[in-house]
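Presented below is the structure to which this report refers.
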Amino acid sequence: MNKYIAKILNGLQERNAGEKEFLQAAEEILTSLEAVVERHPEYERAALLERFTEPERTVMFRVPWVDDGGNVRVNRGYRVQFNSAIGPYKGGLRFHPSVNLSIIKFLGLEQILKNSLTSLPIGGGKGGSDFDPKGKSEGEVMRFCQSFMTELYRHIGEDTDVPAGDIGVGGREIGYLFGQYKRVTSKHVGVLTGRGLSYGGSLVRTEATGYGLVYMVEEALARRGESLENKTVVISGSGNVALYACEKAQSLGAKVVAMYDSDGYVYDKNGIRLDVMKEIKEVERARIRVYAERVAGAEYREGCRGIWQIPCDIALPCATQNEIDGASAKSLVQNGVKYVAEGANMPTTLEGIEVFQKAGVVFLPAKAANAGGVATSALEMAQSSGRMFWSFEEVDAKLKGIMVNIYRNMENAAREYGMEGNYVAGANIAGFEKVAQAMMAQGIV
Ligand code: NDP
């Protein structure tokens, strides 16, 4: 391994001991940048990687709120403002009991390169809380969001840091967060994206990550003279990304046969009935097992891992980090998977990635494949600041153009550095080069 990169990885392990997700993401990124660092010795002199892996600012705060029973509860809030070299910090908020500093830092680090890949002027950040919206009443979710924003508002702004949704933060939460921001600042500005259409949101933002993911798969297939028509697809998760990936894949002729939530998965050999799934997940906010009770021929199985044993042409992991380990990757390969595109962030372990790459599977990494969400957020920012509102077709066409462009940029970067077909390296290099140039130009900051 390149000496400079080895030194950085050792240093990160010492300074961030115990932050396993952050260290995993840093290793995945840095080990693919060896050729870039060798071509640019000036980066080491400017301690570029030391600065790139250290957030510009980390805010951690107390979030007190009162539940329906009158009990005082306390959660922890985070905002990691990782890198603003190419634009204001941008990245989602995650509300999930597993959230900790390591997870927010891994997501923030990935976000820097993802945002750069979109070609839009947005830096990288991420935030969230260990609050679990599941099982909470509307009133409890609202009071939590209000308390969270009562601290967060000091650190964000339409030209400094613009959060969006992520796991556990959808349209409802963004609404409550925005309402409180406006209340405490008296400003109706584009400080959050993913807003409702009646108060500054953009068409296609809800669908964007899932649609964008499938647009990229469509491009990868087209390059090989294929299409989604009649392909069998397995999608993990049944949240925002998963549902709209399913919608777009089906509209392009694919058959989606399985999806899951954190309890278990449904297998529907006739193809998932998206209207039923959306009713259960978006309207009723119920568990996925209900699907098998309603749709004849569908089966429900407890536990998530079994989903990767279902034979498919295309796998789209769209739930959370580290869903596909080496063993799951091996069963997918044995069962004939040809394309894996990551809708979630870091859903494949380093071992899983190696299995796919060795088997010649076309592996499209998260920072490229799920960039459609943040790209459309940036389009929402453009509409907000220009006081404009674009049609669905206009935004959708821009999204598709951005996804195709990302695919080509990562393909070209991989080829330029002698790693043709390695999209992990291609995405990291293409994203990093722009950030590195901006950081070098701006001096030691
Ligand atoms: P949602 O909260 O809408 O959905 C998350 C889904 O994943 C749910 O079905 C949830 O099941 C499942 N899930 C969460 N944690 C686990 C777990 N530990 N094991 C099994 N299943 C789990 O989130 P999103 O769809 O917005 O996000 C999904 C992924 O996509 C995340 O990795 C996120 O970072 C990434 N992403 C999202 C973007 C967006 O625009 N929303 C943009 C780019 C990336 P359950 O309901 O049972 O918890």
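Here are the numbers:
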read-out	value
Any hit, the range 348-356, residues being touching a Leu at 6+ places or on another chain (Cβ under 6 Å), open to solvent by 10 Å² or more (accessible area, probe 1.4 Å) and at pLDDT 95 or above	no
Pick from the range 1-50, criterion farther than 26 Å from ALA344 by Cβ and among the basic types (Lys, Arg), ranking: surrounded by the most Cβ atoms within 10 Å (Cβ to Cβ)	LYS7
Search result, residues across the range 373-418 that are within 24 Å of GLY200 (Cα to Cα), at pLDDT 95 or above and of a type in the set (Lys, Arg)	LYS398, LYS400
So GLY135, is it more than 16 Å from the ligand (Cβ to nearest atom) and in a loop (DSSP other than H, G, I, E, B)	no
Tally of residues being of a type in the set (Val, Ile, Thr), open to solvent by 10 Å² or more (accessible area, probe 1.4 Å) and out of contact with any helix residue (DSSP H, G or I) (no Cβ under 7 Å at 6 or more places or on another chain) across the range 326-347	0
Index of the failed condition, LEU109 passing every other in (1) under 30 Å from GLU14 (Cβ atoms); (2) assigned to a strand (DSSP E or B)	(2)
Enumeration of residues in the range 79-109 that are crowded, with 23+ Cβ neighbours inside 10 Å and hydroxyl-bearing (Ser, Thr, Tyr)	TYR89
The range 307-325: number of residues that are outside any strand (DSSP E or B), buried (at least 24 other Cβ atoms within 10 Å of the Cβ) and more than 9 Å from the ligand (Cβ to nearest atom)	3
SER102 being more than 19 Å from MET381 (Cβ to Cβ), under 16 Å from the mean Cα position of the chain (by Cα), part of a helix (DSSP H, G or I) and not hydrophobic (A, V, I, L, M, F, W, C)	yes
Close pairs from the range 329-349: first acidic (Asp, Glu), partner assigned to a strand (DSSP E or B) and crowded, with 19+ Cβ neighbours inside 10 Å, Cβ under 6 Å, at least 6 apart	GLU342/PRO317
Search result, residues across the range 385-440 that are loosely packed, with under 14 Cβ neighbours inside 10 Å and among the aromatic types (Phe, Trp, Tyr)	PHE392
Residues (more than 13 Å from the ligand (Cβ to nearest atom), assigned to a loop (DSSP other than H, G, I, E, B) and open to solvent by less than 30 Å² (accessible area, probe 1.4 Å)) located in the range 284-301	VAL295, ALA298
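The values are calculated or read from the model by the stated rules, or taken from the named source; none is laboratory data. This one's a predicted model, so the numbers in the text were calculated from it and none came from an experiment. For neighbour counting, all protein chains shown are included, and Cβ atoms are generated from backbone atoms with ideal geometry for every residue, glycine included. All accessible areas refer to the heavy atoms of the entire protein, side chains included, with ligands and DNA or RNA removed. Shrake-Rupley method; radii C 1.70, N 1.55, O 1.52, S 1.80 Å.
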